[in-house]
Amino acid sequence: WRGPHLVAALLSCGAVALTADFVYRRTSLPGWQSTAACVAALLAGLNAVLYEFATTAQAYGACTFLTVAAFRAAVARPGFLRALAAGCLAGAAAACSLLAAPASLVLLAWYCWLRRWRHSAGFLLGAVIPNVPLLISFARAPYPTWFNLVEYHVLFRSARWTGAAPHDFEILTSWVD
């Protein structure tokens, strides 16, 4: 398990580095860029949730890196190819874990609000590309695909688990933390 843990940790470190670089480039006070970038890196890297979950051999490290990279691509200079890249990155994050799907929706709303419709279409097209295997699976076997992605988690995951509803509510509201 050391290899997958290493990959997850490196992707998490990449997300922290992208965050610090973003803050460094956006800080307008001369001489304070490095300080602001270090503070951003510390706030992101020492976040208990990131430290605990994104460094394990699960999809959270990849989701974190891909979401931050999608954000960086989205807020860069406007252009169709950048929008396509942002969509690919956001779609790949959502394909790793549906927990990252809300970030894709936020970026799409941002594109629709602040960019041209052409860029929004590029973002949507990019978001579909990483999900082509899912679409193929759905076309070949709609019910098993739907059951695996939605129905099991909504209806059957809580079977014989008395604390499922409070746990789900806690997870849904944990963003407040």
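Looking at Leu81, Leu66, which one is at pLDDT 85 or above, within 24 Å of Leu124 (Cβ to Cβ) and buried (at least 19 other Cβ atoms within 10 Å of the Cβ)?
Values: Leu81 fails: buried (at least 19 other Cβ atoms within 10 Å of the Cβ).
On inspection, the qualifying residue turns out to be Leu66.
Can you confirm whether region 118-128 contains a residue that is out of contact with any Leu (no Cβ under 7 Å at 6 or more places or on another chain), within 19 Å of Val68 (Cβ to Cβ), of a type in the set (A, V, I, L, M, F, W, C) and modelled with pLDDT of 90 or more?
Checking region 118-128: at least one residue is out of contact with any Leu (no Cβ under 7 Å at 6 or more places or on another chain), within 19 Å of Val68 (Cβ to Cβ), of a type in the set (A, V, I, L, M, F, W, C) and modelled with pLDDT of 90 or more.
Starting from region 97-108, take each residue that is among the acidic types (Asp, Glu) and surrounded by fewer than 20 Cβ atoms within 10 Å (Cβ to Cβ) and list its partners that are assigned to a loop (DSSP other than H, G, I, E, B) and modelled with pLDDT of 85 or more, counting only C-beta distances under 8 angstrom and pairs at least six apart or across chains.
Once the first residue is among the acidic types (Asp, Glu) and surrounded by fewer than 20 Cβ atoms within 10 Å (Cβ to Cβ) and sits in region 97-108, no partner that is assigned to a loop (DSSP other than H, G, I, E, B) and modelled with pLDDT of 85 or more comes close enough.
Name the residue that is nearest to Gly79 (Cα to Cα), counting only residues in region 155-174 that are open to solvent by 100 Å² or more (accessible area, probe 1.4 Å) and of a type outside the set (Phe, Trp, Tyr).
Ranking the candidates gives Leu172 first.
Looking at region 1-50, which of the residues that are among the aromatic types (Phe, Trp, Tyr) and loosely packed, with under 13 Cβ neighbours inside 10 Å is modelled with the lowest pLDDT?
Narrowing region 1-50 to residues among the aromatic types (Phe, Trp, Tyr): 1, 22, 24, 32.
Narrowing further to those that are loosely packed, with under 13 Cβ neighbours inside 10 Å: 1, 32.
Details: Trp1: 76, Trp32: 91.
That would be Trp1.
What tally of residues in region 101-120 results from selecting those that are over 18 Å from Val75 (Cβ atoms) and small (Gly, Ala, Ser)? It would help to see each step written out before you state the result.
We begin by selecting, within region 101-120, every residue over 18 Å from Val75 (Cβ atoms); these are 101, 117.
Those left that are additionally small (Gly, Ala, Ser): 101.
Residues in region 101-120 being over 18 Å from Val75 (Cβ atoms) and small (Gly, Ala, Ser): 1 in total.
Output the residues belonging to region 140-154 that are touching a helix residue (DSSP H, G or I) at 6+ places or on another chain (Cβ under 8 Å) and open to solvent by less than 70 Å² (accessible area, probe 1.4 Å).
If the condition is that a residue be touching a helix residue (DSSP H, G or I) at 6+ places or on another chain (Cβ under 8 Å) and open to solvent by less than 70 Å² (accessible area, probe 1.4 Å), then Thr145, Leu149 are the ones that fit.
The values are calculated or read from the model by the stated rules, or taken from the named source; none is laboratory data. Small disclaimer: the values here were computed from a predicted structure and weren't measured. All Cβ positions, glycine included, derive from the backbone under ideal geometry; neighbour counts span all protein chains shown. Please note that ligands, DNA and RNA were not included when accessible areas were found on the heavy atoms of the full protein model with its side chains. Shrake-Rupley method; radii C 1.70, N 1.55, O 1.52, S 1.80 Å.
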